[in-house]
1. If you scan segment 103-149, which residues turn out to be touching a residue at least 12 places away in the same chain (Cβ under 8 Å), farther than 25 Å from residue 42 by Cβ and of a type in the set (D, E, K, R)?
2. So which residues in segment 63-87 are within 16 Å of residue 12 (Cα to Cα) and touching a helix residue (DSSP H, G or I) at 6+ places or on another chain (Cβ under 7 Å)?
3. Would you tally the residues in segment 72-127 being of a type in the set (Val, Ile, Thr) and on the phi > 0 side of the Ramachandran plot?
4. Checking the structure you have, find out if any residue of segment 88-109 is within 12 Å of residue 8 (Cβ to Cβ), in contact with a Phe, Trp or Tyr (Cβ under 6 Å, 6 or more places away or on another chain) and modelled with pLDDT of 95 or more.
5. Mind listing whichever residues of segment 1-39 are acidic (Asp, Glu) and without any contact (Cβ under 8 Å) to a residue 40 or more places away in the chain?
6. Identify, please: which residue in segment 11-30 is of a type in the set (Lys, Arg) and in a helix (DSSP H, G or I) and is, among those, surrounded by the fewest Cβ atoms within 10 Å (Cβ to Cβ)?
7. For segment 114-146, name all the residues that are more than 17 Å from residue 8 (Cα to Cα), in a loop (DSSP other than H, G, I, E, B), of a type outside the set (Ser, Thr, Tyr) and within 18 Å of the chain's Cα centre (by Cα).
8. Quick one: which residue in 96, 123, 116, 109 is over 20 Å from residue 30 (Cα atoms), among the aliphatic types (A, V, I, L, M) and buried (at least 16 other Cβ atoms within 10 Å of the Cβ)?
Amino acid sequence: MQKTLILIKPDAIQRGLSGEILSRIERKGLKIAALKMIRITSELARKHYAEHLEKPFYADLEQYITSSPAIALIAEGPDAVSVIRQMVGPTNGLTAPAGTIRGDFSTSARLNLIHASDSEKSAEREIAVFFNSSEILDYDLTVAKWLGA
């Protein structure tokens, strides 16, 4: 089974959308392997967004991601990275299709509610930034046989 990192960002928390987002992930049939509410610090933001540090938008990105609590979670399931990316939709909420999280709830490219790892390699790196191995739970999802997993 594949694991992926998801961040429910500060704007989703402030708008009361975390339950809706978590519910969509669970209804899709993915297993929540880890979950915690955190305050992303500047140091943690720099680790997570390392590839963007030198870009002109980084200061605004860091200010946004550290502005309020976020939820970090690991979802697990078949092709979890691509499944979650499809559920999330394109970065810009103005152009994201209806039915995606961003398409249904975001009207901004910057305030886009959620982060999802874009590859297995990124997921592995990002999971290590937010979770240690003791925080990741291994258990059987009893409905897995009904999901074709």
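The values are calculated or read from the model by the stated rules, or taken from the named source; none is laboratory data. Here the structure is a predicted model, which means the values were calculated and not measured. Because the Cβ atoms are built from the backbone with ideal geometry, glycine has one as well, and the counts that use them run over all protein chains shown.
1. Of everything in segment 103-149, those that are touching a residue at least 12 places away in the same chain (Cβ under 8 Å), farther than 25 Å from residue 42 by Cβ and of a type in the set (D, E, K, R) turn out to be 120, 138.
2. Residues satisfying the conditions are 64, 65, 66, 67, 68, 69, 70, 71, 72, 87.
3. The total comes to 0.
4. No, every residue in segment 88-109 fails to be within 12 Å of residue 8 (Cβ to Cβ), in contact with a Phe, Trp or Tyr (Cβ under 6 Å, 6 or more places away or on another chain) and modelled with pLDDT of 95 or more.
5. 26
6. 27
7. Passing the criteria: 132, 136, 137.
8. 96
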